[in-house]
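These notes concern the structure reproduced below.
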Number of protein chains: 2
Amino acid sequence: MNDIDAAMGELERAMGSLRARGIQICSNIQGKPLDLPEYQPIFAAMASYDLPIWMHPYRSADIPDYPTEERSLYEIWWTLGWPYESSVAMSRLVFSGIFDRHPNLKIITHHMGGMIPYFEGRVGPGLDQLGTRTSDRDYTKLLKELKKRPLDYFKMFYADTATFGAYDPTVCGLKFFGVDNVLFASDAPFDPEGGRMYIRETIKVIDRLPISDAEREQIYWRNAARLLKLD
Amino acid sequence: MNDIDAAMGELERAMGSLRARGIQICSNIQGKPLDLPEYQPIFAAMASYDLPIWMHPYRSADIPDYPTEERSLYEIWWTLGWPYESSVAMSRLVFSGIFDRHPNLKIITHHMGGMIPYFEGRVGPGLDQLGTRTSDRDYTKLLKELKKRPLDYFKMFYADTATFGAYDPTVCGLKFFGVDNVLFASDAPFDPEGGRMYIRETIKVIDRLPISDAEREQIYWRNAARLLKLD
């Protein structure tokens, strides 16, 4: 991704002759946001294939938690930093107008959509007031240029179920994105048992959800089959 | 807070002769984390009064979202940055062992506990593996020195209901902290109507929660009366 022509060449090779069903990108490229013009050919190409992008959060311990420090402590860069990175990248994509340019763009966000569902109130009525906290830019104009409320763009993302077996967050995320936009994932093998625990616990959570069996099937595999255009 | 002796003097005056029922602090002090030794007298004093600390998130637009930029865009510093700041501060306090030193310390976190309830899986089984992603420090030793699982310390915080009228996040946060640890707050007057909307919508959410009337009373006022030792 630091050489966009090479990245585009590899994208075309993977999606074309190798018949890949999607690509994965990180939530930032060497510290740069995904809404920069240089990365737009990637999103345009995947919109034209009508196949998904998995967006994985990225940050490491060398981003300090406080400006007075050199490194992130206690793995905060991972625990909180990763879902934060996902959420910031989602916000940047939304406000860059990417979903107005590519209404069929499919981006699958890790860990049940980062922070967005839990902060539905902030990205909802909060962002409806975008601009009231800013004096050096006219965000009121930006809000008018967008075709939808910010909240409605955030709901256009897809989310996976990798909450490490957390039931209430899964309910919260599912309500936010809707059953058509949630896909099974477990984050295996990064659990205390080295692989089985998050798969088992995620299945337990999905089996407990107050939804129909047809909806459960959607989350387990039908949404993936639809998005990835599998037979 | 940049002059801890003066801050302690004001704390003693407010809590003593003015009979204040608690204090508010920000989630960082001029960019410095709350677990620094210099701030510990504040926490020790409030633990000895057995009265709460409200911890308000703080960050401004001059903290960029990406290292390649100068300022935060689209008010991300507020929408996502604030709950992130709350969560990072909570993590630092937990791993500094503050709840082992002061088991009765009462810290009320804004916006339903920041990110923590939604990332229960990350602060639960995720942080049980603290150290597996770090090679330059021995966090395994730290985990052993703490008396509880990291998750159990996060549950010792209190949280307010200021989710701006978001029902599912409120359910999720309430399940995480438990009905004894959740207090009414609305964030009025920072809503699109300039004051009434978040109060009205938060009340609607609390009235819909699947809890008993006695539990609803706890959230509305009994928990506050207990914590603040009001008659």
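What the table shows:
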| quantity | calculated |
| --- | --- |
| Within the stretch A:115-148, tally of residues that are under 23 Å from the mean Cα position of the chain (by Cα) and of a type outside the set (A, V, I, L, M) | 12 |
| Among (1) open to solvent by less than 30 Å² (accessible area, probe 1.4 Å); (2) out of contact with any strand residue (DSSP E or B) (no Cβ under 7 Å at 6 or more places or on another chain); (3) within 13 Å of chain A (Cβ to nearest Cβ) - the single one residue B:160 does not satisfy | (2) |
| Complete set of residues in the stretch B:190-216 that are over 22 Å from residue B:179 (Cβ atoms), in contact with a helix residue (DSSP H, G or I) (Cβ under 9 Å, 6 or more places away or on another chain) and not aliphatic (A, V, I, L, M) | B:190, B:191, B:192, B:193 |
| Within the stretch B:45-80, tally of residues that are more than 9 Å from every other protein chain (Cβ to nearest Cβ) and within 21 Å of the chain's Cα centre (by Cα) | 16 |
| Flag if residue A:173 is within 11 Å of chain B (Cβ to nearest Cβ), assigned to a helix (DSSP H, G or I), open to solvent by less than 30 Å² (accessible area, probe 1.4 Å) and in contact with a strand residue (DSSP E or B) (Cβ under 6 Å, 6 or more places away or on another chain) | yes |
| Of all residues in the stretch A:196-210 being more than 13 Å from every other protein chain (Cβ to nearest Cβ) and under 23 Å from the mean Cα position of the chain (by Cα), the one that is surrounded by the fewest Cβ atoms within 10 Å (Cβ to Cβ) | A:203 |
| Test: residue A:141 is among the basic types (Lys, Arg) and touching a residue at least 60 places away in the same chain (Cβ under 8 Å) | no |
| Options B:120, B:193: the member that is within 11 Å of chain A (Cβ to nearest Cβ), under 30 Å from residue A:200 (Cβ atoms) and open to solvent by 40 Å² or more (accessible area, probe 1.4 Å) | B:120 |
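Here is a yes/no grid of residues against (1) in contact (Cβ under 8 Å) with a residue 24 or more places away in the chain; (2) more than 13 Å from chain B (Cβ to nearest Cβ); (3) in a loop (DSSP other than H, G, I, E, B); (4) open to solvent by 20 Å² or more (accessible area, probe 1.4 Å):
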residue	(1), (2), (3), (4)
A:134	no, no, yes, yes
A:156	yes, yes, yes, yes
A:169	yes, no, no, no
A:219	yes, yes, no, no
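The values are calculated or read from the model by the stated rules, or taken from the named source; none is laboratory data. The structure displayed is predicted, hence computed values, not measured ones. Because the Cβ atoms are built from the backbone with ideal geometry, glycine has one as well, and the counts that use them run over all protein chains shown. Areas reflect the complete protein model, heavy atoms only, side chains present, ligands, DNA and RNA absent. Shrake-Rupley method; radii C 1.70, N 1.55, O 1.52, S 1.80 Å.
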